[in-house]
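Trainee: Have a look at the structure that comes next, please.
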């Protein structure tokens, strides 16, 4: 199989299920940003972190492929079969957040990104996740998008924030608290 097809040389791309759209289409921007997010998740997973976090992140990467496939599907093509995100996928993120939060000190201040490269990667992924969510919401304002995709992204950004805090704890790094000027 060749990697290049030359069919996109005119600035369009094929949606799953058929139909071509400009590469600048909001749908393409949304699922392209899912791909960017997935790459950042891979970067976190490649760090020296515990096996449980790596397994959860691998599952998240799989779910992001599912999410991207849904966004890449032509909404007018009902015969296109894509895997589904499930309520259980959101519940897994919530359980992970709750488990990590139970081991963390209460959050009483805003936390500045940084302190350790691995923690910074979590914050970068969180920001890309929020951008992905905004693009998906924008797409949903114009075309059919299953709401579970937005909900998953919203919960994932929370997970990434808490994971950053948890990794700070596990790496024995002090969180950097934002102290506003008075």
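Trainee: Only one residue in 76, 32 is part of a loop (DSSP other than H, G, I, E, B) and either farther than 26 Å from residue 170 by Cα or touching a residue at least 60 places away in the same chain (Cβ under 8 Å) (or both). Which one?
Mentor: 76
Trainee: Taking residue 172 as the residue in question, decide whether it is surrounded by fewer than 17 Cβ atoms within 10 Å (Cβ to Cβ), at positive phi, over 12 Å from the mean Cα position of the chain (by Cα) and at pLDDT 95 or above.
Mentor: Answer is yes for this residue.
Trainee: In addition: Mind listing whichever residues of region 138-150 are assigned to a helix (DSSP H, G or I) and surrounded by fewer than 16 Cβ atoms within 10 Å (Cβ to Cβ)?
Mentor: Hits for region 138-150 are 138, 147.
Trainee: Something else: Before we move on, is residue 69 in contact with a strand residue (DSSP E or B) (Cβ under 7 Å, 6 or more places away or on another chain), assigned to a helix (DSSP H, G or I) and either at pLDDT below 95 or over 22 Å from residue 141 (Cα atoms) (or both)?
Mentor: In short, yes.
Trainee: Go through (1) free of Cβ contacts under 8 Å to residues at least 12 places away in the same chain; (2) farther than 24 Å from residue 139 by Cα; (3) in contact with a strand residue (DSSP E or B) (Cβ under 8 Å, 6 or more places away or on another chain) one by one and return the number of the condition residue 3 breaks.
Mentor: Residue 3 satisfies every listed condition except (3).
Trainee: Determine, yes or no, whether residue 114 is surrounded by 12 or more Cβ atoms within 10 Å (Cβ to Cβ) and either touching a helix residue (DSSP H, G or I) at 6+ places or on another chain (Cβ under 8 Å) or modelled with pLDDT under 90 (or both).
Mentor: It is true that residue 114 is surrounded by 12 or more Cβ atoms within 10 Å (Cβ to Cβ) and either touching a helix residue (DSSP H, G or I) at 6+ places or on another chain (Cβ under 8 Å) or modelled with pLDDT under 90 (or both).
Trainee: A further question on this structure: With respect to residue 153, determine if the residue is modelled with pLDDT of 95 or more, loosely packed, with under 14 Cβ neighbours inside 10 Å and in contact with a helix residue (DSSP H, G or I) (Cβ under 6 Å, 6 or more places away or on another chain).
Mentor: no
Trainee: It is to be established whether one or more residues within region 7-21 are out of contact with any helix residue (DSSP H, G or I) (no Cβ under 8 Å at 6 or more places or on another chain), surrounded by 13 or more Cβ atoms within 10 Å (Cβ to Cβ), in contact (Cβ under 8 Å) with a residue 40 or more places away in the chain and at positive phi.
Mentor: Scanning region 7-21, I find at least one residue that is out of contact with any helix residue (DSSP H, G or I) (no Cβ under 8 Å at 6 or more places or on another chain), surrounded by 13 or more Cβ atoms within 10 Å (Cβ to Cβ), in contact (Cβ under 8 Å) with a residue 40 or more places away in the chain and at positive phi, so the answer is yes.
Trainee: Further question on the same structure: Which residue is farthest from residue 61 (Cα to Cα), if the candidates are limited to region 86-109 and must be surrounded by 11 or more Cβ atoms within 10 Å (Cβ to Cβ) and modelled with pLDDT under 95?
Mentor: 109
Trainee: Looking at residue 63 and the list (1) touching a residue at least 60 places away in the same chain (Cβ under 8 Å); (2) outside any helix (DSSP H, G or I); (3) under 21 Å from residue 164 (Cβ atoms), which single condition is not satisfied?
Mentor: (2)
Trainee: From the list 71, 85, 57, 93, which residue is in contact (Cβ under 8 Å) with a residue 24 or more places away in the chain and under 21 Å from residue 169 (Cα atoms)?
Mentor: When all the criteria are applied, what remains is 93.
The values are calculated or read from the model by the stated rules, or taken from the named source; none is laboratory data. This structure is a prediction, so every number in the text was calculated from the model and none was measured. When we count neighbours, we look across all protein chains shown, and the Cβ atoms used for this are built from the backbone with ideal geometry, even at glycine.
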